[in-house]
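A.B. asks: Quick one: structure below, then a few questions.
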Amino acid sequence: MSRDDLFRAPKGVHDVLPPESGRWTAIVARFAERARRYGYGLAITPMFEHIEVFQRVGEHTDVVAKEMYELTDKGGRRLGLRPEGTASVVRAYVQHRPTPPWKVWYVAPNFRYERAQKGRYRQHWQLGVEALGVADPDIDVEVIALLAGFYRDLGLTDARLLLNSMGDAATRPEFVAALRAHFVAHGRALGPEFLERVEANPLRVLDAKVPDWQDVIESAPQLTEHLSDAAATEFEAVQAGLRALGIDFELAPRLVRGFDYYTATTFEFQSDALDAAQNALGGGGRYDGLAEEMGGPPTPGIGFGSGLERIVLALEASGVPAPASGTDVFVVDGLGAEGGTTVGGLVEALRSDGFAVDRAYGGRSVKAQWKVADRSGAPLAVMVGRDELTRDAVAVKDLASGEQVEVPRSGLVAWLVQRREGRAV
Ligand code: HAM
């Protein structure tokens, strides 16, 4: 690797910098607000865990078997970098035993050694929620409604909801056996990789993307035909709940998603604004056995994760404009060295009053400062010049229209507040 390459971000990872990061800030803030309204608190878990925590989510899944970043620390511990958020949150639940229902949200990076391409990265960020300790279909509906509303708020109106049920522990073995029999009977010619996957876990074949396998996948038995009465009733209740909230969905009997922990409801939002191979904006489902597998009490759970980079790509593709620059006011220093701390003091005071304020540095000429002000994206500039100072005033300029007014210094904050609230002054 050349020296130049060493000092570039590794393949499949990327920096998020201004102004693009402005969009990230806005998305995360909206998600945090939505999670708050639904009663979810923030959970921050470590970026690495004992490797067994992640192996629990499915030793036969690509994410764990092939893509996990594994390391051994100097104490000889085998650790894994988090490939997904659910395992860490459930580990935290099992460790701390909070009183259920326990509803948390997160924003966190995940690491998967994937084939890097647009929309698929080796470090990606997820916004997600997990709700533990509730078996009621109402919580399935709540979790899906939270995500649907979040996408709607962002302007991602083309996000399609796919819904499936993975059944329950009672009926899964019967379904898996039927599936295995089907694949063995009809897929013998598809080669050793196919047969190995069928042997390890035939559910994992259902979501395989290999083109040659699609015919035998298409004709496979469907999960929803093998539901127990209890699982079918629960699935009906989830669908009725979504209909009652006016949330459209399509039944997707082959939606199994990439982890072994799923039971009952699974769902995914897909967007046609994304490339077909990675069109999932976000997805999730129930995992009623996971806490117990980690040594905790039997605890139902449901949640989702939504890729932040994918949300950004979908917003860009849908033409949703990025939020404007965060600066409210640009302060132009017309006093120079003679002004002492006058301008610095004004900037600091406005910031204390809650305005996002920027300025130029390094004693630049007033003309140069106006140029920076124009480029700053701020709607307004405040100029402190010698003339204004003698009248204890400042000049306020609308940077879009060029209109300028003089405002007494003592009334500046009130003027800016009124202006921000859109009232005529
Ligand atoms: P997942 O489907 O593997 O589920 O990931 C959730 C979302 O993360 C995907 O829908 C996609 O938007 C994004 N994503 C996944 N991998 C990548 C990648 N390599 N690059 C960019 N974006 C990616 C989970 O991780 C589960 N923990 C979701 C869950 C929560 N289920 C229950 N609770």
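A.B. asks: Of everything in region 101-134, what is assigned to a loop (DSSP other than H, G, I, E, B) and at pLDDT 95 or above? Give them in sequence order.
C.D. replies: Residues satisfying the conditions are PRO101, ARG112, TYR113, TYR121, ARG122, GLY133, VAL134.
A.B. asks: Determine the pairs where a residue that is under 28 Å from ARG420 (Cβ atoms), located within region 356-367, has a partner that is in a loop (DSSP other than H, G, I, E, B) with Cβ atoms under 6 Å apart, the partner being 6 or more residues away or on another chain.
C.D. replies: Pairs that qualify, where the first residue is under 28 Å from ARG420 (Cβ atoms) and the partner is in a loop (DSSP other than H, G, I, E, B), are ALA356/GLY326; ALA356/THR327; ALA356/ASP328; ASP358/THR327; ASP358/SER376.
A.B. asks: While we're on this one: Which of the residues belonging to region 265-298 are open to solvent by 10 Å² or more (accessible area, probe 1.4 Å), more than 8 Å from the ligand (Cβ to nearest atom) and closer than 14 Å to SER165 by Cα?
C.D. replies: Within region 265-298, ASP288 is the sole residue that qualifies.
A.B. asks: Within region 299-323, can you find the residues that are more than 8 Å from the ligand (Cβ to nearest atom) and closer than 19 Å to PHE259 by Cβ?
C.D. replies: THR299, PRO300
A.B. asks: Out of region 94-114, which residues are of a type outside the set (Ser, Thr, Tyr), within 10 Å of the ligand (Cβ to nearest atom) and surrounded by fewer than 21 Cβ atoms within 10 Å (Cβ to Cβ)?
C.D. replies: If we filter region 94-114 for residues that are of a type outside the set (Ser, Thr, Tyr), which is where we start, we get 94-98, 100-105, 107-112, 114.
After this cut, where a residue has to be within 10 Å of the ligand (Cβ to nearest atom) as well, the list is 110-112, 114.
Passing the criteria: only GLU114.
A.B. asks: Report, by residue number, each residue of region 115-141 that is open to solvent by 50 Å² or more (accessible area, probe 1.4 Å) and more than 11 Å from the ligand (Cβ to nearest atom).
C.D. replies: Hits for region 115-141 are ALA135, ASP136, ASP138.
A.B. asks: On to the next question. For the condition within 13 Å of the ligand (Cβ to nearest atom) and either under 26 Å from LEU206 (Cβ atoms) or aliphatic (A, V, I, L, M) (or both), what is the one hit in LEU163, LEU147?
C.D. replies: LEU147
A.B. asks: Among the residues of region 329-341, is there at least one that is open to solvent by less than 10 Å² (accessible area, probe 1.4 Å) and within 16 Å of the ligand (Cβ to nearest atom)?
C.D. replies: no
A.B. asks: Something else about it: Tally the residues that are within 8 Å of the ligand (Cβ to nearest atom) and either crowded, with 22+ Cβ neighbours inside 10 Å or in contact (Cβ under 8 Å) with a residue 60 or more places away in the chain (or both), restricting the search to region 237-260. Steps first, answer last, please.
C.D. replies: The initial filter retains those residues of region 237-260 that are within 8 Å of the ligand (Cβ to nearest atom), namely 257-259.
Still in the list and also either crowded, with 22+ Cβ neighbours inside 10 Å or in contact (Cβ under 8 Å) with a residue 60 or more places away in the chain (or both): 258-259.
Qualifying residue count for the region: 2.
A.B. asks: Mind counting the residues in region 67-121 that are touching a His at 6+ places or on another chain (Cβ under 8 Å) and basic (Lys, Arg)?
C.D. replies: Residues in region 67-121 being touching a His at 6+ places or on another chain (Cβ under 8 Å) and basic (Lys, Arg): 3 in total.
The values are calculated or read from the model by the stated rules, or taken from the named source; none is laboratory data. Small disclaimer: the values here were computed from a predicted structure and weren't measured. Neighbour counts run over all protein chains shown; Cβ positions are idealised from the backbone, glycine included. The protein model used for the area step is the full one, side chains on, heavy atoms only, and it has no ligands, DNA or RNA in it. Shrake-Rupley method; radii C 1.70, N 1.55, O 1.52, S 1.80 Å.
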